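The values are calculated or read from the model by the stated rules, or taken from the named source; none is laboratory data. Predicted model only: the values in this text are computed from it and were never measured. Positions of Cβ are generated from backbone atoms using ideal geometry, with glycine treated the same way; all protein chains shown enter the neighbour counts. Please note that ligands, DNA and RNA were not included when accessible areas were found on the heavy atoms of the full protein model with its side chains. Shrake-Rupley method; radii C 1.70, N 1.55, O 1.52, S 1.80 Å.
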Amino acid sequence: QVQFVESGGGLVQPGESLRLSCAASGSIFSIFYMAWYRRAPGKQRELVASITSGGSTNYVDSVKGRFTISRDGAKNTIYLQMNSLKPEDTAVYYCNTFPSPQWSWGQGTQVTVSS
């Protein structure tokens, strides 16, 4: 069983930046594709960004050009650099494998974008 611990969220104003981190309890990045997901209030969880074991990335249209997913295999950690944040980015952010989440969801990290 792999566990994920997300961190780095907070309350920011529109246009500001945050960097999220997700630490995995095992060395899985060379085997599994990883992704960041988010769940906004009243909505279903959605895919935000993914990264393959080879390092290729993909993003949902609403965050392209603003968010960057990356990983550090030595630290078993993936990151999500979020720039130019908008109120509609407000959500709880989670990480897990992609395309199918293989393990239980972590507690997530809350991102709130508000003036």
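Here are a few things to note about the model shown:
- Looking at the chain, the DSSP beta bridges with both ends there are about 90 percent antiparallel.
- Span from the segment 101-115 Cα centroid across to the segment 42-98 one, whole angstrom: 11
- Segment 1-41, accessible surface, carbon-and-sulfur percent (1.4 angstrom probe): 51
- For the Cα trace of segment 26-75, dividing Rg by the Kirkwood Rh returns an Rg/Rh value of 1.02.
- Distance in nm between pseudo-label sites at D72 and S100 (7 Å out along the Cβ direction from Cα): 3.2
- Solvent-accessible surface of the chain, taken per residue with a 1.4 Å probe and all protein chains present: 51 Å².
- Note on the chain: Cα Rg divided by 2.2 N^0.38 Å, N the number of residues, gives 0.98.
- Residues of type lysines that K86 reaches as a straight line, Cα spacing below 23 Å, ignoring anything fewer than 8 places off in the same chain: K43, K64
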